[in-house]
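A.B. asks: Take this structure, written in structure tokens, and hold onto it; I'll ask about it next.
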Amino acid sequence: MTIGTGAQALAQSDTLLTDVTIVDVTEGTLTPNQSILIRDGLIVEVGPEIELDASATRIDGAGGYLIPGLWDSHVHIFSSATEPDTALPLYLINGVTGIRDMGALWPIAEQKALQARIETGEALGPRLVLSGAWVDASPGSWPGMFLADSPEDAREVVARVAAEGWAAVKAYSMLDEPTYLALAEAAHEARLPFVGHIPERVALGTAIAAGQNGMEHFGRIPMACSTDEARMLGDLRAAMAEGAPLERVFEIMAARNRIILETWDQCLCETVLARMAGARMHASPTLVVADFYLGNWPAPDTLRMQMIPAQVREAWGKPDFRLEAMTDEVRALASETIALDRRTFLMAHDAGVPILASTDASFANPYLFHGFSLLDELDLYVAIGLTPREALYTATVAPPRFFRLADQDGTIASGRRADLVLLTANPLEDLTTLRRPQAVITGGRVLDRADLDRIESSLLQRGQ
């Protein structure tokens, strides 16, 4: 694997970015004509006038708008041996300076080695949070998972996760309820965030009561807004207790879509969302995933497709097991189901459920693109009803605060990590400006527009 630095490291001298308008995403305000002094990867001073000697590297911001770097809070960059070679630059050219990986095929030691190379500047890429210690029932939904089939297994797994240095414990879909509850308890005792799927046999309310800190994907929220949630869970529990074949299990799960559409209740939903908000259970919606199931795929000649390795594009063009598993009824109801998800998402946001912008981008997930899909997700939030500022908040402020990063909180201030994006227009008015940043600063390293263009050209050449 070769991941080049791709840009000049500026650690040899102070870097002064001048004449920028700071965008405060937390307050929705603008502060023009500011300068930012960066040293050793951190912001050390912010103000209208900063005096430095001639040794400083000076960069003219030309009146552009400066925002904190974007985060994608649910990605998979380790699903193949060389995926980071493409994924990391794709994030940077799209202004994404932080990612949370949620499950990998690489050993944790190799993941941490790449993480360290990024932190030291040896490799160029976004900040990396390793939260992919996913725990599932046997035989596991994906290779390389931790497996737990009893409360005792769950406690042993959490001990291993803590010892290996993961950033969180991630629950997965097929855990039974006693094992799930033991997993939650052990994670809390280990002082590790407890995140992941709501298992298919566990009620959302149970997960809230168990203190799950973050839930991945969104479909279980509309299900919890159904007056028939208990029956749907009971049907699956009974079938699995009887040892039903997988085909029958998937059939029961697929039938939920119609039940939810017929029994979704707004008053119940308001109660569920109030509980989520009160518990500060963060949601990583990955709404953009729906485009895959709707067939909203980019044309082969689009820029993003041409930046993907040819063998990945070829694999994406082959029949996919997820699409083949869809029943005729699921296909017929897809548009209605997605519309209900989006209606419920807006209700969740309005109720105060914390949202972490996320995509599930991975070479293993066709047509979900590292970097590009995060901007698609934010555009989708605005189309659903969030303001541009509210959408930006989910990708700049909420993630580092949820991850409890000591040097990042989504503000541009002294002592904060220098992960920044310079734009030509005010993103609080229109997120389109995110599509072509004028500069991206990652860990204090400045990539100007010429650097970003060179990275794009390299990706296009490698994608041939």
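A.B. asks: What residue, among those in the range 46-60 that are open to solvent by less than 80 Å² (accessible area, probe 1.4 Å) and under 15 Å from Gly444 (Cα atoms), is modelled with the lowest pLDDT?
C.D. replies: So, considering only residues that are open to solvent by less than 80 Å² (accessible area, probe 1.4 Å) and under 15 Å from Gly444 (Cα atoms), the one modelled with the lowest pLDDT is Ala56.
A.B. asks: Further question: Could you list, in sequence order, the residues of the range 22-37 that are within 27 Å of the chain's Cα centre (by Cα) and either touching a residue at least 12 places away in the same chain (Cβ under 8 Å) or in a strand (DSSP E or B) (or both)?
C.D. replies: Matches in the range 22-37: Ile22, Val23, Asp24, Val25, Thr26, Gly28, Thr29, Leu30.
A.B. asks: Within the range 101-114, is there a residue that is at pLDDT below 95 and within 30 Å of Pro245 (Cβ to Cβ)?
C.D. replies: yes
A.B. asks: (1) over 28 Å from Leu323 (Cβ atoms); (2) open to solvent by less than 30 Å² (accessible area, probe 1.4 Å): which one isn't true of Arg280, the others all being true?
C.D. replies: Only one criterion in (1) over 28 Å from Leu323 (Cβ atoms); (2) open to solvent by less than 30 Å² (accessible area, probe 1.4 Å) is unmet by Arg280, namely (2).
A.B. asks: So which residues in the range 311-345 are small (Gly, Ala, Ser) and open to solvent by 40 Å² or more (accessible area, probe 1.4 Å), if there are any at all?
C.D. replies: Ala315, Gly317, Ala325, Ala332, Ser335, Ala339
A.B. asks: Here is a further query. One residue is enough: does the range 139-154 have a residue meeting the conditions open to solvent by 70 Å² or more (accessible area, probe 1.4 Å), of a type in the set (Phe, Trp, Tyr) and more than 14 Å from the chain's Cα centre (by Cα)?
C.D. replies: Yes, some residue in the range 139-154 is open to solvent by 70 Å² or more (accessible area, probe 1.4 Å), of a type in the set (Phe, Trp, Tyr) and more than 14 Å from the chain's Cα centre (by Cα).
A.B. asks: Restricted to the range 346-374, and to residues that are touching a strand residue (DSSP E or B) at 6+ places or on another chain (Cβ under 8 Å) and part of a helix (DSSP H, G or I), which residue is most open to solvent (accessible area, probe 1.4 Å)?
C.D. replies: Ranking the qualifying residues of the range 346-374, first place goes to His349.
A.B. asks: Do we have any residue at all in the range 287-305 that's outside any helix (DSSP H, G or I), open to solvent by 60 Å² or more (accessible area, probe 1.4 Å), touching a residue at least 12 places away in the same chain (Cβ under 8 Å) and under 30 Å from Ala209 (Cα atoms)?
C.D. replies: No.
A.B. asks: Only one of these conditions is not met by Asp407: (1) part of a loop (DSSP other than H, G, I, E, B); (2) within 30 Å of Lys318 (Cα to Cα); (3) open to solvent by 10 Å² or more (accessible area, probe 1.4 Å). Which number is it?
C.D. replies: (2)
A.B. asks: Can Arg201 be described as charged (D, E, K, R), touching a helix residue (DSSP H, G or I) at 6+ places or on another chain (Cβ under 9 Å) and in a helix (DSSP H, G or I)?
C.D. replies: no
The values are calculated or read from the model by the stated rules, or taken from the named source; none is laboratory data. Please read all numbers here as calculations on a predicted model, not as lab measurements. Neighbour counts are summed over all protein chains in view; Cβ atoms, including those assigned to glycine, are modelled from backbone coordinates with ideal geometry. SASA here: full protein model, heavy atoms, side chains in, ligands and nucleic acids out. Shrake-Rupley method; radii C 1.70, N 1.55, O 1.52, S 1.80 Å.
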